[in-house]
Amino acid sequence: MQRFKFLERKQDYEFEEDERERERLREALASIAAPQIQRIYPKEVEVSWQEIDTSEAAASGGPFPQIDASEFIYEVFVYEGKPQGSPASCHRCEPQSGNVLKIEKLKPNTQYCVNVRATLPERDVTGAFSQPAFFRTLSILHEIPPPPKIGNRGPTWMQISWKNALNMSLLIKTIVVQYAKAKGEFMTFCEGSSDQIRITGLEPSTSYRVRIILRTDIGDTEPSTPSYAQTAPSNQQQQPLQQVQQQQQPLQQPLQQHQHLNGPSSSSSMEIKIPPPQINGCFNRSIRLVWAPLEYCEARSNDFHPIDEREYTHNGASVGHLQSNREYYFRLCVPTETGQIIRSEIISARTRKDHYENSSYQNQITPTTNITTATLSGGAPNTSSSYYENNNRDRLQIPTQLQKTYIDEKSLELTWRYNGREFETLIFILEGSIASQENHNQSESSWRICYKGPNTSAIINDITLNLFRVQAMNSRKHTASTWSEPLFVKRVVQRSKRSIPDSNISSSALSTTSATPSSAAAAAATSSIVVITPSTCTVPKFFEITWCSMQVQWKLSEVLPETSNNKISLIYELQRVDTEPIIIYSGDQTQYKMENLKPIEHVQVRARAVIVEYSGKRNEGDWSPIGSACTTCTAPSPPQNLRLAVEGRMPTLAWDPPAQLNGADIKSYVLTGTKTPLTGDATEKSILKRFGDTSKTEFCLGKVEPATHFAIKIIAISKGGESDASEIFEFNSPPTEPESPQDLHIEAISSTELSLSWTPGAENGSPITGFRLLVHELSSESRSASKHLIAQHQISEDITTFIASKLKPATLYELEIVAKNLIGISESVSMRCETFASPPDPPELSLVQAQSNVLKLKWQPAIASSSTSSIEPCYFYLEKENDFGTFSPVFEGESKMAKIKNLHEDTVHRFRIRSAHAKGIPSLMGPWSETYEFSTTRPPPPAVKGSLMVSEVSQSVFQIEWLPVKLVTNDGTDNFVYRLQVVPKPERRSVLEPWKTVYEGTCPSYTLSLSPQSSTARMARVFVVQKLGNNNEELCSAPSVIAQFSSCRTPNESPRKRINKPAASGNSTPSQPSEDDQPTRSPSSVHRANHRNNSAVVLVCAIVLVLIYLMMI
């Protein structure tokens, strides 16, 4: 019992220590910071976290050693919405995988949160979840809905629609309509599935922005570009102060449809209101209204003008010659016979935006052959295919190998080759021009179309042309390749150098027209010179905008009129006006690439056309409206001037912002680099590490590893992208005091000694000079609080095992150890252990049972004295003296009883025994006991073999026989007898009666006579009994097989012999013969009865055979 109590106290103490250590580890794991979101994609996200400092995770004073960084497992949990319920996904990150994880298979445009948890699976310690980090995945809808269309407007409302502007291939669920004032924040007005809505509750004469958001099954799209509109003024605002109320009487004559007056209206006691006109359709250059007569003005001027009579229809008016993408006001103007003018409320409408123009307002464009103004019915403008040629040239291969073949003096054949894929709509355009042999650079206006068709050859009959080029075109998509290299053909007759082709001449006519030199000279001489002023250019368009360049394109709003003067040149000038006005381009091209720009640089340009006559006179057209654009931002330059702001164990790194932000503010700085331990070992590899990110220009690296070389570089991240890495900044962390000894192991080796072993910790840049070991004795009353120092030892640095001696038995001690170097002393670690108790006294040995070759022994531990330990021994050693006079072990274990087998019969054996507190520890084994002697007995005689043979000789008389036994003793005499026992067979569930001895003698048979009235079944068994000496000792063998028998014969029945089935063997010891069942015949009479029985059986068999034979005859 004392031993069990000692083990229970020891286990309770170890369990409490383990729980305290686990609690400290859980607190360290719970200090993990929230994860950080690095990059967000529509279906993926990159997450990083700060690893736990292993020096803080390791606890001192417990059974666990220092924690290694490779033992940590980080689990990342992703939740949809809030961190409730089961996570959407869970990821387990091994130590070698780093602290950055890419999570995939997310839903686009969905709110998620992520947290991280650190665990120590080998120590069965799990930390708490970190604080969650929230993020929303990006939308995968690349198309942004176009801006909504503005319809009718009033002082407090406006009508918007988007039916023709939506991409119906998207699975749109609802449409969110938002509006805001010019400088206010957007507010959601409604959300529905209709294609138009009326926004109410607005303020009169106020500018608003309106946009829409498409809500689909996979998320919301980005908001559309806002549409700008202004509500109409109220009745009090729109009427001038000099306008008085109208007459009370009704109008005397009907309104005249086509009369427009701007005079003031007279006063009247009754106000007559006219409903405003209705918008019937809005187009690019016109607006169709239903009413008459009308006035209109541009929204920015409020200067109303009457509509021309030619624009009225039978039920309204179609106002044309308007500018695209501009807002206009309309109102009804009705004159009365009294001279007053009644005007209705103002309604507003916006013309559509041309798909080839930008969002800036343009000046009025006159109809030309390339752009057709909308008709009175509201047709949209048509653009010629020449506008798209510059944008789509690179889609086709350039024709090559342009060659000439002279047919005669006036005709030649041109051939070329096309290496691209041919298709049905592929055609070729061959152009010619007049140039000198020295200068092949011609303006675009000097080229003429000579051939247009699918063939790769053409015959030229015009002898004035001597420079040719060809291009491929897709006639269905209106896309064309770039022009081939010009081919100069030497002509006999020299022609003029420059000419402007007639726009009305078809390609077929040019290819077949041939003019003689005399006719061309005559036409040039007789043509009159007309001064031509080019029309205004369109607003410059910008495309291919980058952070340092952009393409500018423009064109004439009207083509040049027909003229016979071919001695003029058309050039274009592009002027930049956002700074000091300066001409940045002058040439015959309608496209120019602006380069060497700065990021986020605003550019404003305008263009004009100039006709230069042969004499050098310039006819300059008007400047076009100003077009503006802005370059994009780009990645910033690298951070600079990296330095250590704070040195020490927790260094802080500082730096200067990038010198060039390139148009975008810095969002964050990312610190990456390597760290290499300064151990002097060439095999040490550098470890890549992401130290963290911050939005400031300094970052604390935390508690870094001592004596480590760091190489850190910084990347700046802005809206324009990631900058190049900065210059690598290198520094070494200072050495510190060594780490505490690790892998502590303590054990008791005797009742007065404890052994402590350990592994030295990291040196941290300074070699370990030694260890200091303190031995504390803990009091039995309060082991955790009361302790006192009993010894202190200084140990050299090369020793990792120490044995503390001269201790008290069965006493709890605490051994505390620290490591030392030149920098300082490490944190102390300690372990506790209890010394063994004093060896116990030997137990007392006694004999339980002796057989011929087996001795059964038992023992009891000795009663503890005051000088020995009070703890009961739990292990025993039993030895037996062998034939050589020495002792050999025969039993070892915790049992208090042993059975010794395979011994010599009738022999004296010698034994000794001792106790121990534990197995295999010599110091816990007590002394050997005195020698005990025990003897084995003689072997019993052999048992009767086989079953008993029982024959019923007559009624209630049985002959019992068995096989004889051969027994030879040491003296050569057969001193044994047979003992026959009989007992009535018990009924079911009755008690077996004691066996009764009916015969004891040397004859192997016996005749048993029972009472004739007895019909109970009997059981019989036989023992072999050997007599020993004169002291009436005897050895009894095992019982024979039990035989069962009963009387089943009538008085006239002849005797028969049967062998009874064996019954269960009995184990009772045979007793002396009883007087109840005494034999009535001698053994010789038994033999005579058997002989008579055999004769009777033979006689009966003979009679049966005779009867069978007679029946067969």
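The values are calculated or read from the model by the stated rules, or taken from the named source; none is laboratory data. Note that the structure is predicted; figures quoted are calculated from it, not measured. With ideal geometry, Cβ positions are generated from the backbone for all residues, glycine too; neighbour counts draw on all protein chains shown. Note: accessible area is taken over every heavy atom of the protein model, side chains too, but ligands, DNA and RNA are not part of it. Shrake-Rupley method; radii C 1.70, N 1.55, O 1.52, S 1.80 Å.
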Scoring only Lys, Arg, Asp and Glu (+1, +1, -1, -1) among other residues with Cβ under 11 Å from the Cβ of residue 635 yields -1
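Accessible area per residue, 1.4 Å probe, Å², for the stretch 916-989: what's the number?
52 Å²
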Kirkwood hydrodynamic radius over Cα pairs of the stretch 855-1010, then Stokes diffusion coefficient at 20 °C and 1.002 mPa s, in µm²/s: 101 µm²/s
Taking r as the C-beta separation of residue 643 and residue 31 and R0 as 35 Å, the FRET efficiency to the nearest 0.05 is 0.75
Provide the three semi-axes, in whole Å and in decreasing order, of the ellipsoid equivalent to the stretch 879-932 as defined by the square roots of 5 times the Cα gyration tensor eigenvalues. 23, 13, 9
Note down the nm distance, to one decimal, between modelled labels 7 Å out along Cα→Cβ at residue 626 and at residue 937. 13.2 nm
On the formula 1/(1 + (r/R0)^6), with r taken between the Cβ atoms of residue 689 and residue 595 and R0 of 45 Å, the FRET efficiency rounded to 0.05 is 0.60
Round to a whole angstrom and tell me the spacing of the C-alpha centers of the stretch 916-995 and the stretch 89-143. 80 Å
Output ³J(HN,Hα) for the stretch 452-458: one whole-Hz value per residue in order, computed from phi by the Karplus curve 6.51 cos²θ - 1.76 cosθ + 1.60 with θ = phi - 60°, and x for Gly and Pro. 8, x, x, 6, 9, 8, 7
Amide hydrogen neighbours beyond the local backbone of residue 559, cut-off 5 Å, H modeled: 369, 370
Could you look at the stretch 701-802 and say what percent of its accessible area is carbon and sulfur, using a 1.4 Å probe and all protein chains? 46 percent
Cα-projected label distance for residue 582 with residue 823, points at 7 Å along beta-carbon direction, nm: 6.1 nm
Computed FRET value (nearest 0.05) for residue 852 with residue 956, which takes r as the C-beta separation and R₀ as 45 Å: 0.60
With no solvent and one point per C-alpha, what does the Debye sum give as log10 I(q)/I(0) for the stretch 791-890 at q = 0.10, 0.11, 0.19, 0.25 Å⁻¹? -0.57, -0.64, -1.05, -1.37
Cross-link list 410/555; 901/1027; 105/598; 541/598: which exceed 29 angstrom alpha carbon to alpha carbon? 410/555; 105/598
Additional length obtainable on full extension of the chain from residue 189 to residue 410, 0.36 nm per residue less Cα span: 72.1 nm
In nanometres, what is the gap between the two model label sites at residue 548 and residue 728, each 7 Å from Cα along Cα-to-Cβ? 2.7 nm
In Å, the C-alpha Rg and Dmax of the stretch 571-632 are 13.1, 44
Report the paramagnetic label zone for residue 131: residues of the stretch 74-114 whose backbone N is under 17 Å from a point 7 Å from Cα along the Cα-to-Cβ axis. 83, 113-114
